[in-house]
Amino acid sequence: MSSIVEELQPRTGIDSKVQRPGAETAFVTPPVVKTPAQKLLAIPVGACIALAIHFFVPKREPVPPSHYYPILLFVMLGLGLLGAALYPFFEGLRKRMRHLCPLLGVVTMTAGIWELVTSCLGLLPLPYFPGPEGVFGSMVSDYKLLFDSTWHSLILLVSGYALGVMVALITGVTIGWFAHARYWGMPLLKVVGPIPATAWIPLAMVLSPSTLFSAIGLIALAVWFPVTMLTASGINNTRASYLDVARTLGAGQTYLIFRVAIPAALPNIFIGLFMGLGTSFLTLVVAENVGVKSGLGWYVSWAQGWAEYGKVYGALIIMAGFFSSIMTVLFKVRDRVLVWQKGVIKW
């Protein structure tokens, strides 16, 4: 009889036994997930390839060596070796390395291929496509102006974004809650909203007393439409059951708006905030090319006018880190406010 039971039990690779009352239960320790060696060594291998290309392949690009690029590669090599050495001892480090090592290894190898294609082989025309050494050298040599431009862009972006969000939340809640405001406000949204904010540049320069205020107004206008539309949609689609329960408990209109409708509309509001942030980046760069005398967009236009494309690509790298960091901060705020939706939208 016992042999028949054993034949009918599933074959799972673990000895299956019939548990009897009073019998001890054996706990099977899950196997430890091992990271392949090629993942751990991805950063050192990529850095070694990039360093070999830098030091042993002849250069065609007429750029004086600045040594900043090879120093960066040596730092990546050292960090990769240090991480591989400390990998067995720290659980948090193991999780990060399993996730980041392949990505950073490809990035360092891509830097080597970039130098091979541009500085070494000259497959792309100069000076429009400088090598990584020229780009990093330009960034370091002009770091004061780059820092000043980044700071001014941050002030301009935050000012315009904050103004646009405040106005949009007021108009969105008003249009979403009050029927008369929705009747008159929705046609305005449908007509004015789809027009790109950059199309209003000529009018903004005429009406605004300074280029700074016109740039802030354009960024606010770019943010206003998506945040207003999503806020109004979220407020208008608040579940009637929530409102009925609150009214039954004696809630007034102010309570219904600020304690029921707005919290229920927060997922839609954050979607509008993300959309507005994306459009504000585009409007910021365009607005800085119109008359503002500082900022990353102005810096790119200025460097292009002098044919210093190393500085252009350096500013683009800073823009990528700058905008990505701001978007990450907004995602952190969203995960903190909407705890029940944490991880639904990942960045």
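The values are calculated or read from the model by the stated rules, or taken from the named source; none is laboratory data. Just so you know, these numbers come straight off a predicted model, no measurement behind them. All Cβ positions, glycine included, derive from the backbone under ideal geometry; neighbour counts span all protein chains shown.
Is it the case that TRP151 is touching a helix residue (DSSP H, G or I) at 6+ places or on another chain (Cβ under 9 Å), at pLDDT 90 or above and of a type in the set (Phe, Trp, Tyr)? When the stated conditions are applied, TRP151 does not pass them. Of everything in segment 214-255 that is aliphatic (A, V, I, L, M) and surrounded by fewer than 22 Cβ atoms within 10 Å (Cβ to Cβ), the residue that is farthest from LEU273 (Cα to Cα) is LEU249.
Restricting LEU81, LEU100 to those that are among the hydrophobic types (A, V, I, L, M, F, W, C) and touching a helix residue (DSSP H, G or I) at 6+ places or on another chain (Cβ under 8 Å) reduces the list to LEU81.
Against the test of being of a type in the set (Val, Ile, Thr) and modelled with pLDDT of 90 or more, the options THR254, THR198 yield a single qualifying residue, THR254. In segment 194-217, the residues that are more than 17 Å from GLY164 (Cβ to Cβ) reach residues that are in a loop (DSSP other than H, G, I, E, B) with C-beta atoms within less than 6 angstrom, at least six apart or across chains, in these pairs: THR211/GLY291; THR211/VAL292.
Filtering segment 72-88 to residues that are exposed (fewer than 12 other Cβ atoms within 10 Å of the Cβ) and either at pLDDT below 85 or within 17 Å of GLY131 (Cβ to Cβ) (or both) leaves only PRO88. When each of PHE323, PHE331, PHE258 is tested for being exposed (fewer than 14 other Cβ atoms within 10 Å of the Cβ), of a type in the set (Phe, Trp, Tyr) and part of a helix (DSSP H, G or I), the lone residue that passes is PHE258. Only a single item in (1) part of a loop (DSSP other than H, G, I, E, B); (2) closer than 28 Å to GLY193 by Cα is not met by VAL223, and it is number (1).
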